[in-house]
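In what follows, a structure is listed as C-alpha cells, so that the remarks can point back to it.
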Amino acid sequence: MHPASAPDLAADLAAQSPGPLYAQIKQLLRERILDGSYQPHQQMPSEAEMMTRFGVSRITVRLALADLQNEGLIFKLHGKGSFVSKPKAFQDLGRLQGFGEAMRERGYESFNRVLSIERITPPQAVAERLQIPKRGKATELKRLRFLNREPISLDVSYLPLHIGQRLAKEDLATRDVFVILENDYGLALGHADLQIGSTLADEALAAQLRVEEGAPVLQIERTTHLADGTPIDHEHLFYRGDAFQYKVRVDRSALPRK
C-alpha cells in the first residue's frame, strides 16, 4: 500500500484512549505495522502528511516516530523518510517464558506448525540432561514457529515420555508448552540453563526458515527445570539471525574491598 492510500489515520486517532498525542499516534501506527497494513520496507507517510492528517505539530510526529524506531519497528533513510522494518522480535533472557508468551506481550502475532511428535530413544546428551535412564524413552516434539506469518525458528524439544504423551493431545499450534505445563498440569517451573551459539543453515533448515542455505542461524540449547530442580524439557532452538534477538540486563556486582 502506497503511503497516499494509507488508512484514515485521523479518524482512527479520534477513537484512541486519552493520553499524550505522540503516544496515541505511536500506538496507532504500531498497530498498523503489526497487523500488516504497512508492509516490511514500505515507506511510511511523511512527517508533513502526518502533521496534516493528525492536526499536530512536527515535534509530536517526530516523538511518535522516534519511539517506533527505538522499538525497531521502523528505520529512517536520510533524505527519504521512514520505512517499516522487517519484523525482528526479541525475548528477554532475564525471564523464563515461552516464545508465544513473550511475543503476545509485545503485540506480535505468533503460532506454531507441529512438524512431528513421536516417541524416541533420545541421544545420549539429551538423556543425560533429562536424567533418563539408559535405553529409556522420551518424546521428541518438532515445531516451526511463526511470527507475523513468517517462519522465525525451528524448535526441537525433548520431554520425559509421560509428559510428552499428554502433550500429544494438546493444541500445540496455538499454546506454549510452558503454559500447558504450569496451568494445565500444575507443574511449577523454576529455572532454565541456556547455551547460545551460532550455526549455518543446511538445506533442510534453510527451506523451513525461508533463508539462503548457509545463512547464519542463532542456535540455542535450553534445559528447563521444575521448581524442585527436576529437568522437564530440553530444547534445541534454531532462530533466523535476521529476524530475532535476545536481550538481557546484566548488573555489575560490587567489587570486594581490599
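The values are calculated or read from the model by the stated rules, or taken from the named source; none is laboratory data. Everything numeric in this text was worked out from a predicted model, so none of it was measured. We place every Cβ from the backbone using ideal geometry, glycine too, and count neighbours over all the protein chains shown. Areas reflect the complete protein model, heavy atoms only, side chains present, ligands, DNA and RNA absent. Shrake-Rupley method; radii C 1.70, N 1.55, O 1.52, S 1.80 Å.
Heavy-atom accessible area, probed at 1.4 angstrom with all protein chains present, ranks 99, 83 as 83, 99, highest first.
What does the net charge come to around residue 212 if you take all other residues with beta carbon closer than 14 Å to its beta carbon, with K and R at +1 and D and E at -1?
Value of the local net charge: -2.
Take each peptide in 206-213, 155-162, count the other Cβ atoms within 10 Å of every residue, and average; sorted highest first, the result is 155-162, 206-213.
The heavy atoms of residue 230 present about 60 square angstrom of accessible area, all protein chains included, probe 1.4 Å. Here the simple spin-label model places points 7 Å from the Cα toward Cβ, and for residue 86 and residue 161 these points are separated by 4.3 nm. Put 179, 61 in order of accessible area, highest first, and with a 1.4 Å probe you get 179, 61. Any chance you could check the Cα centroid distance between segment 171-197 and segment 112-140 for me, in angstrom? Answer, in whole Å: 16. For residue 225 and residue 251, a Förster radius of 22 Å and the Cβ-Cβ distance give a FRET efficiency of 0.45, rounded to the nearest 0.05. Ordered from highest to lowest accessible area with the whole protein assembly present and a 1.4 Å probe, 193, 228, 67 read as 228, 193, 67.
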